[in-house]
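K.L.:
Here's a structure for you.
The values are calculated or read from the model by the stated rules, or taken from the named source; none is laboratory data. Source: prediction; values computed, not measured. Please note: Cβ atoms are built from the backbone with ideal geometry, for glycine as well, and neighbour counts cover all protein chains shown. For the accessible areas, the whole protein counts, side chains as well, though only heavy atoms, and no ligand, DNA or RNA atoms are used. Shrake-Rupley method; radii C 1.70, N 1.55, O 1.52, S 1.80 Å.
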Amino acid sequence: MDGLLRAILDRVPGRLKAFGNRIAQPNVALVLALLVGAFTVVSIYYYNRLASEIDTRLQGRFLDDSVGIFSGPFDVSVGNRLPIDELVDYVQTAGYHERSAEAGENLIGSYEVAGDAIEILPGDLASRAGIYPVRIRVDKRGRVVSLTSPVTGERMSSARIEGGLLAAVRGSDRRKKIEVQFSDIPETLRDAIVAVEDRRFFSHNGVDWRGVLRALKTDLDQGEWVQGGSTLTQQLIKNDFLSADRTLSRKVKEAAMAVILESRLSKEQIFTIYCNDVYLGQSGTFAINGFAQAAQVYFDKQLNDLTLAEAAFLAGLICAPNRYSAHRDPTRAMERRNRVLDAMAETGAISPEESAAAKAEPLRIKKHETTSDFGASYFIDYAQRFLEQRYSEPGLASRRRITTTMDPRLQRAAYGALTRQTEKLDKIFTRSTRKGTAPRQVQAALVALDAHTGEVLAMVGGRSYDESQLNRATDAKRQPGSAFKPFVYATALNSRSYTAASMLSDTPQTFTYDGGRSEYKPGDYHGGFSNRNVTLREALTRSMNVPAVSLAMSVGLNNVANVAEKSGLERPRVYPSMALGTSEVSPLELAGAYTAFANAGTALRPIPIRSTSGDNKAIATERLQATSNYVFSPQVAYLMTSLLQSVVDSGTASRLRAMGLKGAMAGKTGTSGDGWFVGYTPQIVCAVWVGFDDNSDLRMKASDAALPMWADFMKQALEIRPELGGDSFPRPGGIVSVEIDPATGCLAGPETLAGRLEMFIAGTEPPSNCYQEATAETAENELAPEPASATEQRVPAELPTSEKIDEDALDLGTITLEVCVLTGLLASPDCPDTERKTFNVGKEPRERCRAEFHREARSP
């Protein structure tokens, strides 16, 4: 033995022997020992640090640190319309998977369709939130006929369905993905991923050293970082923990964390997380993450329905999704798919014959569209902005699950109504467009709120999110026209100086303001006036302009602005034309302001978030509520609702009844350059806007443009959720009804030809001697000469009243202002020369002149 050792040592080169002797010296050995010890300590420190980072993330069950934004859960009752295919869509977006003999237990949830029934089995987390298993049977019309417990067999009165994932947000990235389990991933897809990305995945410990050496050799040959030799585990670490920088320090950290992760999770768990997380392209503004989401976006299929060729295509996207996009370069995408099939044949996963057959299969890619989200992208934008304003970035990142207020069924209904009605309007505008001129595309927005919580139930901000991300429901401000008038009338009723029976003059009038320096002369629809006194109820029902302006001037423009501001609108500019809705608002703001009428006088600020929660108990669930503001009493709110019911029953919105809508409804049309309708039932407020993005005149009445869209949505909403309707609005105490004479606004007497019941706040009813006073006043008016302007604009006697009340007043009239001669702006003390000038409302100058403007105007 000694001889053998001596023979080996004799063969050791002399230089190596000398190096060994030098190391063996005590002082050198001590230094080396210290270096090794320091390296070991540092390695242990960083190992523990990296392990702690991974363990912390694993406590939240997933490595992915994105924030999930979910639609709200919803209740189903017998009689609701809910087809099985829609139910399947809802539970799939919640992460549920179809139950099968091969599939294992799904922690999120599963479902099974059998004929006319669907059985839904929620996972553990959903069960803790009060969502239980249910078997739902549906008839041929899509209505729920029975709800039973699959566990006990007992009948259920209602069942709750879990909300689905709308988006997963990570920093500035927005993702859509569907979580799956290992058993849900088809074998062909597993083989394709392993063959093309990490052939030794199921045998290495997180780092494939053979692959590292192979990649290192390539990098040295090329003189730069070309190959990384990363395993699937390393890719997962890089995507979820690290940056994509190609540096040696990042690669070392990546390898260390991969080894740690492999010691914490099984191969199946790591592979599943990878398949749920990997980036596979872009759909609109959303990143496509995970193979289940990619299968749906690219092929409109579930994972287990993919063909071999389709699985190979998806696996080929991993290294460069945009480079191999079939939409961008179909030929390159086919070549990449075929290389994946070749790799599968090399590993023995498929036979050469199977590879050849799959290569012959054409690539049928579904067109990328966001129409399948039913306009929810607009709502997600709004919800995300709300969250960013409420939470700091670290605070939001700690909240893993955001439950929104959106009802996915109402969102579908809203998107469907908007799409159908704008397509009808397109046909109308196409017919009226001159030949050779491209017809303009009309736009629209719809927002629906819970009348008593302010929760946003549905929101569509435009016709196509792919074409325009402008959310017209939140960001497009336009003049609401007559839809603003209810705030004028509410101010009047709140003052107790006016009642629904108060008489107002509908004759041409000129109003002076600004200390008598400015004049405003409102017009009316097609310049027509009734030239008589009308009750306050009739004035609002028929959307008369002059009575609205007269009322606003009487109760005080500032008081009207105060009520509008308290209701949630931006404070309007204080001009007489304000009464006719000349200050711009968004559909969301106007819907929120109308909650003051629907919610007993308390306005609610719209809110899109119901709750936020974290991964662990350290982050408590926070339940959010809309902020509220008292505007006026429940009695005033009830009288306003009664007035707005008249608008629906016999006024400018009376077409709603002809469209088949029944039950208690109130609302107001608004026609400016756009079309508006804001209406409500006892439980829901909905605002609709229709117009052009370039702010050009729609030249269409609101009852033709906006009202049909509102009716379309509400018919579906009340069919889906009948509890949102009702036969009547709740009547508060302190309201009395008396019979009046509509011709005088007084109590009905023997001379009354056609009396009707009117509602009053107790104590504001007309006095008993009102009739005599009104008769005397009428006699004086009849003896007085009639104004020339009234004679000129009198409505012809043969014109039926029904034609006169068909729509809101489009003509806002004229306004006379004192302006600077030099600049044309509103006059100020700095102006050396001024003049009085008349403008059409909306064309008048808004800015006050200043001294520096004179210098600019005089300069050449």
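K.L.:
Those residues that are in contact with a Ser or Thr (Cβ under 7 Å, 6 or more places away or on another chain) and either surrounded by 19 or more Cβ atoms within 10 Å (Cβ to Cβ) or assigned to a helix (DSSP H, G or I) (or both), I need them from segment 629-642; list them, please.
P.N.:
Of everything in segment 629-642, just one residue is in contact with a Ser or Thr (Cβ under 7 Å, 6 or more places away or on another chain) and either surrounded by 19 or more Cβ atoms within 10 Å (Cβ to Cβ) or assigned to a helix (DSSP H, G or I) (or both), namely V631.
K.L.:
Follow-up question, since we're still on this one. For segment 595-618, check the following and say yes or no: at least one residue is on the phi > 0 side of the Ramachandran plot and open to solvent by 10 Å² or more (accessible area, probe 1.4 Å).
P.N.:
Applying the first criterion (on the phi > 0 side of the Ramachandran plot) to segment 595-618 yields 600-601.
From the residues that got through so far, the ones that are open to solvent by 10 Å² or more (accessible area, probe 1.4 Å) too are 600.
Among the residues of segment 595-618, at least one is on the phi > 0 side of the Ramachandran plot and open to solvent by 10 Å² or more (accessible area, probe 1.4 Å), which makes the answer yes.
K.L.:
Just name the residue that is farthest from W676 (Cα to Cα) out of those in segment 517-530 that are touching an Asp or Glu at 6+ places or on another chain (Cβ under 7 Å) and in a strand (DSSP E or B).
P.N.:
Across segment 517-530, the extreme among qualifying residues is S518.
K.L.:
Now for a different question. State which residue pairs qualify: first residue farther than 13 Å from V151 by Cα and open to solvent by 30 Å² or more (accessible area, probe 1.4 Å) and inside segment 122-138, second residue at pLDDT 65 or above and among the polar types (S, T, N, Q) in any location, beta carbons under 9 Å apart, and separation of 6 or more residues or different chains.
P.N.:
R137/S146; R137/T148
K.L.:
Contact list please: Cβ distance under 9 Å, first residue in segment 406-423 and without any contact (Cβ under 8 Å) to a residue 60 or more places away in the chain and at negative phi, second residue outside any helix (DSSP H, G or I) and open to solvent by less than 10 Å² (accessible area, probe 1.4 Å), pairs at least six apart or on different chains.
P.N.:
Y415/G375; Y415/L446; Y415/A458; Y415/V460; T419/G375; T419/V460
K.L.:
Name the single residue, out of those in segment 268-283 being among the polar types (S, T, N, Q) and in contact with a helix residue (DSSP H, G or I) (Cβ under 7 Å, 6 or more places away or on another chain), that is modelled with the lowest pLDDT. Walk me through it before giving the result.
P.N.:
Residues of segment 268-283 that are among the polar types (S, T, N, Q), as a first pass: 269, 272, 276, 282-283.
Imposing the further condition that a residue be in contact with a helix residue (DSSP H, G or I) (Cβ under 7 Å, 6 or more places away or on another chain) reduces the set to 272, 283.
Working: T272: 89, S283: 80.
If we take residues in segment 268-283 being among the polar types (S, T, N, Q) and in contact with a helix residue (DSSP H, G or I) (Cβ under 7 Å, 6 or more places away or on another chain), then S283 is modelled with the lowest pLDDT.
Residue-wise test of (1) at pLDDT 90 or above; (2) open to solvent by less than 30 Å² (accessible area, probe 1.4 Å); (3) more than 30 Å from the chain's Cα centre (by Cα).
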{"site": "S325", "(1), (2), (3)": "no, yes, no"}
{"site": "L341", "(1), (2), (3)": "yes, yes, yes"}
{"site": "S351", "(1), (2), (3)": "yes, no, yes"}
{"site": "D381", "(1), (2), (3)": "yes, no, no"}
{"site": "S398", "(1), (2), (3)": "no, no, no"}
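K.L.:
For P522, indicate whether it is on the phi < 0 side of the Ramachandran plot, touching a Gly at 6+ places or on another chain (Cβ under 7 Å) and open to solvent by less than 40 Å² (accessible area, probe 1.4 Å). Please lay out each step first, then the result.
P.N.:
On the way: on the phi < 0 side of the Ramachandran plot: yes; touching a Gly at 6+ places or on another chain (Cβ under 7 Å): yes; open to solvent by less than 40 Å² (accessible area, probe 1.4 Å): yes.
Here the answer is yes, as P522 does meet what is asked.
K.L.:
Only one of V574, V563, V555 is open to solvent by 10 Å² or more (accessible area, probe 1.4 Å), at pLDDT 95 or above, farther than 30 Å from L457 by Cβ and touching a helix residue (DSSP H, G or I) at 6+ places or on another chain (Cβ under 6 Å); which? Spell out how you get there, then give the answer.
P.N.:
Details: V574 fails: at pLDDT 95 or above; V563 fails: farther than 30 Å from L457 by Cβ.
Exactly one residue qualifies, and that residue is V555.
K.L.:
For segment 423-442, check the following and say yes or no: at least one residue is open to solvent by less than 10 Å² (accessible area, probe 1.4 Å), in a loop (DSSP other than H, G, I, E, B) and touching a helix residue (DSSP H, G or I) at 6+ places or on another chain (Cβ under 9 Å).
P.N.:
Yes, there is a match, as at least one residue in segment 423-442 is open to solvent by less than 10 Å² (accessible area, probe 1.4 Å), in a loop (DSSP other than H, G, I, E, B) and touching a helix residue (DSSP H, G or I) at 6+ places or on another chain (Cβ under 9 Å).
K.L.:
Here's something else I'd like to know. Of the residues that sit in segment 366-379 and are at negative phi and at pLDDT 65 or above, which one is surrounded by the most Cβ atoms within 10 Å (Cβ to Cβ)? If you could, list the steps in order and put the result at the bottom.
P.N.:
The first filter runs over segment 366-379 and keeps only residues at negative phi, leaving 366-373, 376-379.
Okay, now just the ones that are also at pLDDT 65 or above, so 366-367, 372-373, 376-379.
On the way: K366: 14, K367: 6, S372: 12, D373: 23, A376: 28, S377: 25, Y378: 28, F379: 31.
Among those that are at negative phi and at pLDDT 65 or above, it is F379.
K.L.:
Additional query: Of all residues being out of contact with any strand residue (DSSP E or B) (no Cβ under 8 Å at 6 or more places or on another chain), among the acidic types (D, E) and more than 29 Å from V76 (Cα to Cα) in segment 692-743, which is least open to solvent (accessible area, probe 1.4 Å)? Just the residue, please.
P.N.:
D697
K.L.:
Checking N533 against (1) at pLDDT below 95; (2) assigned to a loop (DSSP other than H, G, I, E, B); (3) open to solvent by 50 Å² or more (accessible area, probe 1.4 Å): exactly one of these is not met. Which one?
P.N.:
Single failed check for N533: (2).
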